[in-house]
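Values quoted throughout were computed directly from the atomic coordinates according to the rules given, and no laboratory measurement underlies them. Computed from a predicted model, the values in this text were never measured in an experiment. All Cβ positions, glycine included, derive from the backbone under ideal geometry; neighbour counts span all protein chains shown.
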Amino acid sequence: MQELRNERLSQEEFLKERKNVLSQWPTGREVDLDEAIEYHYKLPPMKNIVRKLRHAKEHGEIYATSGMGKATIEEQLELYKYVEKEGQADILGLSVDSLTRQNNYEKAEQKWRESKSQGVSLLNGLPVVNVGVKGIRTLVEAVNCPIQPRYGAADARLCDEILIAGGCSSSAPDVFMDFWHHHGSVSLEYVIKTHQYCSRLLAYYEENGVPTLASSQGLYGAGIAPSLQIAHQIISILIQVEQGVKNLGVMTVGHGNLVQDVAAARARKTLIEKYLSHFGYHDIEIFFNVSFNLMEYPVHVGVNLAVVFMNTLMAKLTNSQLNDIRTLGEAKAIPTKEEIAFSFRSAKAMQNFLRHQKIFVDENAVQEEQKMIEKEAECILNKVLEMGDGDVVRGAIRAVEQGVLDHPFAANRAAKGLVICVKDNEGAVRYLEKGNLPFDKEILEYHREKIKEREYKKGRRITFDDVISDLYAVSKGILVE
């Protein structure tokens, strides 16, 4: 078997694979690339998410976004219209149900039909493959905002085909987000292959005059130092752009220490541009999104609102176009339309308060932190490239096997789980155990000294109990105990 590499699918390979993908479920027959491209041409410009985000960047605007998903088109439409009007939404997220994300379209079909007959949503999102292109277009045509698919799957090929043909203009072929988090045993090679296809699909539309956006986060960053998340994210991005993607939606992860959050955002931008240039990828436009990553969503309404406000402040400080908020009630159940609209309206007010202000954090501290984050991330990335003889895909596969790419909280059993992070005295996330990450003495000493400051304050050594406590601190309304 030929070793997998970071190489663009040929037109012949792509179109041959499409036949198999579209045959997985009857609604695949609704997808016609030429017709879908013509459909996109006819949509109002601001229903395209790239054009919408470009407008935000040019005018200094920030748009709240969050996942929203019901089992039927009728329920989804009711939700969208309410949130668009009462929440003053600029972007409408679309959450895909778990069965669809696991490619169990038959079970999703059963639950979808039961939901329609019983008048109760029996799925935790919209069964995109089952509702088909016509269903997605019903949603797209009924609202003014772009609809942004928000989901992860080891194999999103058919789902993406239907969503984009239906009028959506973005997807998230994020290799490591979907490898680490959504499946216990799926191989990295399999996820890379399916995500190369999804990226190539986005690029096909782009090459035919439809701007498309590929999003990435790298991994869910709660309790993980920024450099490890950034390194994973850049690998995912290099896989996307090799397939021809031209517009990147880049998630900036916030932990609550604003100095570190701003430094990480700057380091991320600097390193993405550096590695894109190194590999000869040009004319790539980057849009930024920010998320206050939490292990547990706050139950208390007051704490939940504070998290929305903090997320919005992070978006302002990091020059992000999207503000990925946690909605009211999300800790308890799937939020109601009223709870989602309330959260969007709150974020909008906060954005309006901040919009024309110049707000800064300690610049010297930011620069020191940024320098260290960049050094750490480059240590990881350069080792991955070395292991792959210059090929990022081959290197990533080997790096996961040896723990050079690792995740302390992964669902996938391929993770070594040797890296452990903990907050310092000011709530910034530090490496407590480096595992097999290729860090030098300077990096290790930097993190050790930061952790010692917290140990001095607590009067004892930091233990694994502190690691767990840190993960749940924000949900209790505190940054660090």
Identify all aspartates and glutamates with a Cα-Cα distance to residue 85 below 15 Å; exclude those on the same chain that are fewer than 8 residues away in sequence.
338, 339
Karplus couplings for the range 439-447 from phi (6.51 cos²θ - 1.76 cosθ + 1.60, θ = phi - 60°), rounded to Hz, Gly and Pro as x?
8, 8, 4, 4, 5, 5, 5, 4, 6
Ranked 42, 452, criterion: other C-beta atoms within 10 Å, fewest first
42, 452
Given pairs 107/246; 57/337; 348/458 and cut-off 30 Å on Cα-Cα distance, the over-length ones are 107/246; 348/458
Using only the alpha-carbon atoms, how far is helix 105-118 inclined from the longest principal axis of the chain? Give it as 0 to 90 degrees, nearest 10.
70
Volume in Å³ per residue [convex hull over Cα atoms, computed for the chain]:
138
Bridge type composition, the chain - antiparallel percent by DSSP, nearest 5
15
Gap separating the Cα centres of the range 4-49 and the range 57-126, nearest whole Å:
22
Any chance you could check the Cα centroid distance between the range 210-244 and the range 438-467 for me, in angstrom?
28
Take residue 116, project a point 7 Å from its Cα along the Cβ direction, then tell me which residues of the range 135-152 have their backbone nitrogen under 18 Å from it.
135-140
Tell me the angle of helix 464-473 to the major Cα principal axis of the chain, expressed in degrees between 0 and 90 and rounded to the nearest ten.
50
Cβ neighbours within 10 Å, averaged per peptide: list 16-26, 381-391 in order, most packed at the top.
381-391, 16-26
Name the long-range amide H neighbours of residue 170: under 5 Å, sequence gap of 5 or more, or other chain; modelled H, no Pro or chain starts.
213
Residue-by-residue Karplus 3J(HN,Hα) for the range 375-390, coefficients 6.51, -1.76, 1.60, Hz, glycine and proline x:
4, 4, 4, 5, 4, 5, 5, 5, 5, 4, 5, 4, 5, x, 6, x
Angle between the Cα long axis of helix 49-59 and the longest principal axis of the chain, 0 to 90 degrees, nearest 10?
50
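With a 10 Å Cβ neighbour count serving as the proxy for reagent exposure, in which order, fewest first, do 324, 32, 155 appear?
Working: 324 27, 32 13, 155 22.
Neighbour counts put them in this order, fewest first: 32, 155, 324.
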Straight-line reach only, C-alpha to C-alpha below 16 angstrom: list the aspartates and glutamates that residue 193 could link to, leaving out same-chain residues fewer than 8 apart.
3, 7, 12, 13, 17, 155, 160, 161, 174, 178, 242, 391
